[in-house]
Amino acid sequence: MSDTPLKNKNTAAYYGQAVASFAVALGAVTLGVVNLEADIWVRAFLGIAVLYLTTSAFTLAKVVRDRQEAGQIVSRVDQARLEKLLAEHDPFQKL
């Protein structure tokens, strides 16, 4: 059977960069909405829109990841079946 890992592991630096980038982006948008010269209801609407966009982005990322992982699992099961069939096959055996 194949010894390839199912998941690709990210480095700690990549994870840290992703978290820092998200925090900076969310902080910048929040600061921009708070300092916007508009009525309070406009800023509140924009704040809720940013929160909705953020949660939607997390949900989309999870769905894409889950779909990719499911495809990898199915692929590995099919590959294991094929390897088993090939291992058990004897080309010199009479039918």
inquiry  = Using a 1.4 Å probe on the protein heavy atoms, what percent of the accessible area of the chain belongs to carbon and sulfur?
reply    = 67
In degrees, nearest ten, helix 40-88 long axis to first principal axis of the chain (Cα) = 10
Size of electric dipole in the stretch 4-88: Cβ of Lys, Arg +1 and of Asp, Glu -1, about Cα centre, debye, nearest 20 = 260
Residues listed by number, the stretch 20-38, amide nitrogen under 19 Å from residue 54 label point at 7 Å toward C-beta = 20-36
task = Return a single number: how many Lys pairs in the chain, at a sequence separation of 8 or more or on separate chains, have alpha-carbon atoms below 29 angstrom apart.
result = 5
request  = Figure the gain on full extension for residue 42 and residue 81 (residue separation times 0.36 nm, minus the Cα-Cα span) and round it to one decimal in nm.
outcome  = 8.2 nm
query = The list [x] 32, 16, 9; [y] 52, 15, 5; [z] 44, 21, 10 gives values of semi-axes √(5λ) of the Cα gyration tensor in Å, and only one came from this structure; which label was calculated from it?
reply = [y]
In the stretch 11-95, the chymotrypsin sites (Phe, Trp or Tyr not before Pro) that fall in loop regions by DSSP, at most 11 other Cβ within 10 Å = 92
ask   = Roughly what angle does helix 12-34 make with the longest principal axis of the chain, taking Cα atoms, 0 to 90 degrees, to the nearest 10?
value = 30
key: Accessible area in square angstrom per residue, the chain, 1.4 angstrom probe   = 91
query = On full extension of the chain, what length is gained from residue 25 through residue 94, given 0.36 nm per residue of separation minus the C-alpha to C-alpha distance?
reply = 18.1 nm
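The values are calculated or read from the model by the stated rules, or taken from the named source; none is laboratory data. Quick caveat, the model's predicted, so the values are computed rather than measured. Note: ideal-geometry Cβ built from the backbone for every residue, glycine included; neighbour counts use all protein chains shown. We work out accessible area using only protein heavy atoms, side chains counted, and drop any ligands, DNA or RNA first. Shrake-Rupley method; radii C 1.70, N 1.55, O 1.52, S 1.80 Å.
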